[in-house]
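Scroll down for the structure; my scribbles are underneath it.
Throughout, read-outs are computed from the coordinates displayed, never taken from laboratory work. Here the structure is a predicted model, which is why all the values come from computation and not from measurement. Neighbour counts run over all protein chains shown; Cβ positions are idealised from the backbone, glycine included.
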């Protein structure tokens, strides 16, 4: 979650979804809501539990189905059509569900088809609709083979038995160039349930001019240095730091990154019990609260900003330091968009005496559904996506940060992206948000209590204790 | 059954059967619509109620969907978050409807006067109402932006504020700013209803009052307000129902019901449970509870209205 896809589209998606909702008026809206509610349910409820969705034997000769599958346009809602794509030799097909909304990766799909002869049927949705779409696809028994999977969904999909265990397939030769942190996005309980697609993490963005004016040649390497530099750069009309600390997932991302500067920090223990209140989370929250109230070096507006608000604020050139996702740099250093141009640089997120750097994993991956009818073709597609051929071209055409370490020293890519090797380095220091089913609810609980502390209403220790208790009780929900 | 048939026959004769067949024809012609309505409204309603009696966590399919009676409802009553959401909803409803009524009444009375440019004023008044709620939310997000918003700029130029204020990161101000944004859009609705009501008041009453030497305030308090009461009640009832279900403007302005859940109204809570956490059974139960709350409100208003007829 909160990779580039999300950040770029979240706003417009939300607006669109709501526009269509808002265009209905009065009681009709209630009726429609209930309708959506129940239609969704009747669609999902009457089917057998998805763990044992019957998979019909692969038909050997279904010409009609084949042509139907071939005729499916790329954006057609094929998920619910009953056509089954055949896996006859020489005419292999794979059906996938993903969010290539701007079609930047279509040449790569064409490359794959040219290289393997396997045709790819695509269903494309907006990121914010993806989880719902996966849910209905799985519950409704569509013919999708491959799905895009955000890191925070891995546990839910894996524990519900929706996706294939790929541990045996992703062998040592594949893994040797993919850092452990990238694989962690698709790992649940030690097993690999997907193929990493692109890397995403928070990075340190700094305004090198403001830091130099304050006498700092280098960005902060530790949280203590961060405070010092932020103090030195905070003055009238200027803030040392700005954050995406709105009550939202981005708040959790920063908290996790800060927390893991402490060696041995843990969010959950081995039994899945929340222990963050005792093992690092409270210190991290205390640090955040101190930035606001003790050192007064964080813009109070941080509490209503999300990542794109932070980017816009940073582009005013009046902020020295911030945490944000990769991919912001070109716009930040574009003089037509940013008053901070050309002084914005990226660096590793601060660490501590024990930890060199600590960021949070926002990567996404690919998974094969258990109900897939074209598993061989699907696996070939996943292999291709992890290959240098796909990864390098995707970095150039779509701005996907590669999962392969070796590509960060690739001269072509270094020419394309400012400070490219730093990203490669940062992707080695990624903490993972709790990989538990029901993550969305637990994250919301923590966000709420953190916000109470950040608003100065509750001391950090009290907020963290309350959050941990509620998270541990959340498993007994209705 | 038999007896009624007999009495019908006894009373009956041909006219009765003719009536019956006419009624049957009517029913027959209504049937397609009735069936469609039953399918698209009746069935989903019944199904969602049935669902609310089950534990249906779509994210944990291994649990199945067992029948749990009214446990979802009882669970809701034990949740502090549920009651907090109700409390925030009531706060929003009371303050925003109160504000809208006060402003709506003021504007309606003003627009009911004859003056140059009345038509233009009426048009300008209605304009915000034509805006989509989401567009309104985005608009106010820009106005309230702490760094480049016009609200802070204006207040700072006027000398009210020394430094920019972050309106949407304060548990007190966020909800009140949302109320302001919502009122800006919905006051026209209220104004229009009240204006329509005002125009039904016969002008003879005012003429008679003037002859008797009544002041402006006396005319308002003794004529306008009493005669307008039924309309006010209807307008308030409609707005209360609308305000109780508020969702979109909060979603646009806060994203997650923040800060610290202070704007997480009951619709938002329901949305989270059903579509964010996939607790469909619990989500269905919450939406039935919302419906129940609204039925109570409607009954109260209807009582008030009935006792108010014939002033």
Between residue B:35 and residue A:462, Cβ-based FRET efficiency (R0 56 Å, step 0.05) works out to 0.45
Work out, step by step, the length gained on full extension between residue A:189 and residue A:172: first 0.36 nm times the residue separation, then minus their alpha carbon distance; give nm to one decimal.
-> 4.2 nm
Which value, in Å³ per residue, describes the convex hull spanned by the Cα atoms of the stretch A:311-458?
-> 184 Å³
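Based on other C-beta atoms within 10 Å, arrange A:123, B:36 from fewest to most.
Working: A:123 22, B:36 11.
So the ranking, lowest neighbour count to highest, is B:36, A:123.
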Binning at 10 Å from 0, report for the stretch B:177-311 what percent of all alpha-carbon pair distances ends up in each bin.
-> 10, 28, 28, 18, 10, 5, 1
Please check which bits of the stretch B:220-239 a label hung off residue B:113 would reach, taking the label as a point 7 Å along Cα-to-C-beta and the cut-off as backbone N under 19 Å.
-> B:220-225
Take the alpha carbon gyration tensor of the stretch A:106-239, find the square roots of its eigenvalues, order them as a ≥ b ≥ c, and report rounded if a/c is under 1.5; if not, report prolate when a/b exceeds b/c, else oblate.
-> prolate
Can you give the Rg and Dmax of chain B based on its C-alpha atoms, in angstrom?
-> 26.2, 90
Could you give the distance between the Cα centres of the stretch B:255-270 and the stretch A:178-213, to the whole Å?
-> 30 Å
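For a footprinting-style exposure proxy, rank B:203, B:267, A:241 by other Cβ within 10 Å, fewest first. Present the calculation step by step, with values, prior to reporting the outcome.
Numbers: B:203 8, B:267 23, A:241 26.
Placing the least packed residue first, the sequence is B:203, B:267, A:241.
Other chains' Cβ within 10 Å of A:295-306 residues: what's the mean? Numbers along the way, then the final one.
On the way: counts 0, 0, 0, 0, 4, 7, 10, 3, 9, 15, 6, 2.
If you average over the peptide's residues, the count of other-chain Cβ atoms is 5.
Just subtract the alpha-carbon distance of residue B:297 and residue B:74 from 0.36 nm times their residue separation and send over the number in nm, one decimal. Intermediate values should be presented prior to the final figure.
Details: separation 223, 0.36 × 223 = 80.28 nm, distance 2.14 nm.
This chain segment gains 78.1 nm when fully extended.
Over the stretch A:149-193, what portion of Cα pair distances is larger than 14 Å, expressed as a whole percent? Present the calculation step by step, with values, prior to reporting the outcome.
Details: 446 of 990 pairs.
Cα-Cα pairs in the stretch A:149-193 separated by more than 14 Å: 45 percent.
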Residue exposure sequence - A:145, B:261 - by fewest surrounding Cβ within 10 Å | B:261, A:145
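Find the Cα radius of gyration of the stretch A:280-367, compare it with 2.2 N^0.38 Å by division, and give the number to two decimals. Show your work: numbers first, answer last.
Details: Rg = 15.0 Å, N = 88, 2.2 N^0.38 = 12.1 Å.
It is 1.24.
Would you mind calculating the gained length between residue B:62 and residue B:218 on full extension (0.36 nm times residue separation, minus the Cα-Cα distance), in nm to one decimal? Mind dumping the intermediate values first?
On the way: separation 156, 0.36 × 156 = 56.16 nm, distance 7.02 nm.
Contour length minus the Cα-Cα distance gives 49.1 nm.
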How much mean residue ellipticity at 222 nm does chain B get from its helices, if each DSSP H run of length 4 or more adds -39500 (n - 2.57) and you divide by all residues, to the nearest 500 deg cm²/dmol?
-> -23500 deg cm²/dmol
What is the distance in Å between the Cα centres of the stretch B:120-192 and the stretch A:129-177?
-> 44 Å
Take the Cα radius of gyration of the stretch B:100-174 and divide it by 2.2 N^0.38 Å, with N its residue count; two decimals is plenty.
-> 1.44
